[in-house]
């Protein structure tokens, strides 16, 4: 699943070719939203919010896509051959000089911008770790909510309702960087450590957006020596609703 840094890079890649240009054609796979309603409207913004990509138009409409595991956005010149089969295109937007195609995304919505604050998914998001005005104090408060007290810290960092944008890569890398076991509960993590986890996750995502991605220390390195202490990295599945693979060093971070 693309993480917040991937969506930020996608938005940055689409923005110069869409913003300020008028949509000349739009279509979505049936069944799907009536995206032809944006034809004739100019794109005013392309933004990432957590793991969502939002395209806003000057007629008050907005398109939201969520890529989940397999979705992706591509940009082409008019007439250029697509890199994926047209049957996989969920959404196509054409503007003068460019064609933006969203492939394989399970979620594509069209709604009025004024309804964004009431949107069932967007309205529940915690602070976006990549937002310029990121509210670390609010993220801390949400992580400390009583409903998350007995949740493992690894699962809590993935909770988009606490803070938005962190995915499995940066969950693992952040916990390793701060020497925190992925299995301790939120209530077992002291305030100073929680603040460091929030700050480190933000820093790592920001570095990735700036193309300064560090080599992984634990992610997908199960069975290989820890770069810090030499002990073998381990992995297991964590999470009841959507199990994700956790990678950790039992020496540097603890945990069975």
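Quick rundown of the values:
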{"quantity": "Candidate set: region 9-43, residues that are in contact with a helix residue (DSSP H, G or I) (Cβ under 9 Å, 6 or more places away or on another chain) and under 30 Å from residue 207 (Cα atoms); chosen: the one surrounded by the most Cβ atoms within 10 Å (Cβ to Cβ)", "calculated": "43"}
{"quantity": "Residues being within 24 Å of residue 19 (Cβ to Cβ), in contact (Cβ under 8 Å) with a residue 12 or more places away in the chain and not in a strand (DSSP E or B) - total across region 105-130", "calculated": "10"}
{"quantity": "Complete set of residues in region 143-156 that are farther than 24 Å from residue 232 by Cβ and not in a helix (DSSP H, G or I)", "calculated": "144, 145, 149, 150, 151"}
{"quantity": "Output for region 193-243, where each listed residue is outside any loop (DSSP other than H, G, I, E, B), closer than 17 Å to residue 152 by Cα and out of contact with any strand residue (DSSP E or B) (no Cβ under 9 Å at 6 or more places or on another chain)", "calculated": "193, 194, 195, 196, 197, 198, 201"}
{"quantity": "Residue count, region 182-192 (criterion: part of a helix (DSSP H, G or I) and surrounded by 14 or more Cβ atoms within 10 Å (Cβ to Cβ))", "calculated": "2"}
{"quantity": "Boolean, residue 127 is more than 15 Å from the chain's Cα centre (by Cα) and either at pLDDT 95 or above or in the same structural domain as residue 204 (by TED's automatic domain parsing) (or both)", "calculated": "no"}
{"quantity": "Residues of region 157-181 that turn out to be outside any loop (DSSP other than H, G, I, E, B) and over 16 Å from residue 147 (Cβ atoms), as a count", "calculated": "11"}
{"quantity": "Selection count, region 64-98, where residues are in contact with a strand residue (DSSP E or B) (Cβ under 8 Å, 6 or more places away or on another chain) and more than 21 Å from residue 167 (Cα to Cα)", "calculated": "19"}
{"quantity": "Odd one out for residue 101 among (1) surrounded by 19 or more Cβ atoms within 10 Å (Cβ to Cβ); (2) assigned to a loop (DSSP other than H, G, I, E, B); (3) in contact with a strand residue (DSSP E or B) (Cβ under 6 Å, 6 or more places away or on another chain)", "calculated": "(2)"}
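Yes/no matrix, rows are residues, columns are (1) under 20 Å from residue 50 (Cα atoms); (2) surrounded by fewer than 18 Cβ atoms within 10 Å (Cβ to Cβ); (3) in contact (Cβ under 8 Å) with a residue 24 or more places away in the chain:
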residue	(1), (2), (3)
139	yes, no, yes
150	no, yes, yes
154	yes, no, yes
169	yes, no, yes
195	yes, yes, yes
208	yes, no, yes
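The values are calculated or read from the model by the stated rules, or taken from the named source; none is laboratory data. Everything numeric here is computed off the predicted structure, so don't read it as measured data. Cβ atoms come from the backbone with ideal geometry, glycine included; neighbour counts cover every protein chain shown.
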